[in-house]
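Student: Sharing a structure with you now.
The values are calculated or read from the model by the stated rules, or taken from the named source; none is laboratory data. All values reported here derive from a predicted model rather than from experimental measurement. No Cβ is skipped: glycine too gets one built from the backbone with ideal geometry, and neighbour counts run over all protein chains shown.
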Amino acid sequence: MDEKDVRRRFDALIAGSEMTDLRTIADAMSVLGADVDAPRPVLRRPPLDGIRVFRIWVELDGAEPAIWRRLDVRSDATLADLHEVLQAAYGWADAHLHRFALGGGPWDATSELFLCPFDIDEGEDDGTAASDVRLDETLQQPGDVLRYAYDYGDGWELILRLEDVASAGPGAPLALCVDGGRAAPPEDSRGLDEDELFALRGDPDAFDVDEVNAALRSPLLALRDAGVSERLIDLVSRARGTVIEDDLAAHALGAVGAVSLGDAERDAGLAAIRWFLDRASGDGIRLTQAGYLPPADVAEAAVAVPAMNEWFGGQRREADAAPLREFRKMLRTVGLLRVYRGRVLLTRTGAAAQRSNDALWESLARRVRGVIDGEFVAFEGREGEIQADFSRDATTLLLLAAAEVGESGRMPFDRVARWLSALGWSTGEGRPIVGWQLYGEPIVTLLENMVDPAGDVGGLHRIGPVGQAFARAVLGADAGFVGGAGVT
């Protein structure tokens, strides 16, 4: 349709219209234009210096009398944290989609949106992931307003208004409920007036601040407060209502915190990777015509790679040395090595990691964290390409298991398989995941070889203190990635 056709149809539409009608059409076109053409505003501000405690008045839009809560929330909480706080404050079960809006309502074209993971993945609205935004980037001065939508079908909307800003004392909790009024409507309901709430709740005025604060001490909020990986938090959230709910949450909480580890022990645990980085520098390693390491290099590498200590097969041909072959493949997967014109060479990342063990540790941690957070392409398993989401979930849960192995070092593959099955994963035949199917995951190859090759390896698929420290570094806060991540 050309410009003349558009003008002809428009003239036909407005023919005989009164001035009031034309004004209505103009207003509608203005709204449509803002909705379709205008970019969303950027209203987010730089975070405040230092940590504050925000006192926030929250009320359910449209409720009369008000259904309200007064919350103290730390300014460094993310909006993903705040979502969990609001769920606890209103007794909801996080069973539906949600979003935050700044500068207007959650569905206004003139609002800046902060979205839940599903909305980010679908890409239907322009917005930022709520997990990437701090509370004090949206609220800063008393009177500032933030809006929150939950359950797009039932259409619950909360209005959050900043009342006061105070300094945060040592150990200030992520969130605390100070006061509140009236029972919130339960999940999958639309009732707001007195009669509807009475039918749904029995007592529309029921509110217990102690119950809310007990809910605010949930494992999910504790994990968020500890700054663990968003992927792990997502898995703990998905496990709610399943048979693994308590078990997974307990192990996730148990994995918080660094492992005490000296530099010498860490460096010994990186020796196998270091051997390949040093050997592949410069002109690299020339492969055989079949694409394998030459026998002399296989003999040296077999001494350097701890998993080969438990191997009863060949030690001279890489084709016969499965643990060594998988280790070299893993180093390519994590972006340290590449093969070019028949030679094993360092990547740019590998060359940077070769400079020091601090750089190597940081590079590995960032790469694996990027895999579980979806920043990098998912790992491939020994059986071929594995579905990306499964690979991320499996890698995250194997890291969690490694972070909690304790002195025995034995990887609990059956436990991880049970977690994955409860989260909905199955084999191609629809059967539950079993432990041995996880043996070939690249993260296992990495972790089990993070031990001193000259020391007591302790057996196949055992994780030493270095692997445990690395797993905790990957699952922990981003600050742990700066030189010697997770090592204290």
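Student: Would you check which residues across the stretch 246-293 are touching a residue at least 12 places away in the same chain (Cβ under 8 Å) and hydroxyl-bearing (Ser, Thr, Tyr) and list them?
Tutor: Matches in the stretch 246-293: SER260, SER281, TYR292.
Student: Moving on to the next point. Looking only at residues that are outside any helix (DSSP H, G or I) and aliphatic (A, V, I, L, M) in the stretch 230-261, which one is farthest from PHE470 (Cα to Cα)?
Tutor: By that ranking, first place goes to VAL243.
Student: For the stretch 202-229, what are the residues that are of a type in the set (A, V, I, L, M) and in a loop (DSSP other than H, G, I, E, B)?
Tutor: Passing the criteria: ALA206, LEU216, VAL228.
Student: Something else about it: Being over 26 Å from TYR439 (Cβ atoms) and part of a loop (DSSP other than H, G, I, E, B), is that true of even one residue in the stretch 342-350?
Tutor: Yes, the conditions are met somewhere in the stretch 342-350.
Student: Something else now. So, of the residues in the stretch 300-320 that are surrounded by 15 or more Cβ atoms within 10 Å (Cβ to Cβ) and not in a helix (DSSP H, G or I), which turns out to be modelled with the lowest pLDDT?
Tutor: Within the stretch 300-320, the match that is modelled with the lowest pLDDT is GLY314.
Student: Examine the stretch 119-126 for a residue that is touching a His at 6+ places or on another chain (Cβ under 9 Å), crowded, with 17+ Cβ neighbours inside 10 Å and within 26 Å of ASP188 (Cβ to Cβ), and state whether such a residue exists.
Tutor: Within the stretch 119-126 (the criterion being touching a His at 6+ places or on another chain (Cβ under 9 Å), crowded, with 17+ Cβ neighbours inside 10 Å and within 26 Å of ASP188 (Cβ to Cβ)), the answer is yes, since at least one residue qualifies.
Student: Among the residues of the stretch 464-471, is any crowded, with 23+ Cβ neighbours inside 10 Å and part of a loop (DSSP other than H, G, I, E, B)?
Tutor: Yes, the conditions are met somewhere in the stretch 464-471.
Student: Let me ask you something else. Could you list, in sequence order, the residues of the stretch 173-208 that are closer than 23 Å to ASP81 by Cβ, at pLDDT 90 or above and surrounded by fewer than 17 Cβ atoms within 10 Å (Cβ to Cβ)?
Tutor: PRO173, VAL178, ASP179, ASP208
Student: Same structure, new question: Count, please, the residues in the stretch 262-285 that happen to be surrounded by fewer than 20 Cβ atoms within 10 Å (Cβ to Cβ) and assigned to a loop (DSSP other than H, G, I, E, B).
Tutor: Of the residues in the stretch 262-285, 5 are surrounded by fewer than 20 Cβ atoms within 10 Å (Cβ to Cβ) and assigned to a loop (DSSP other than H, G, I, E, B).
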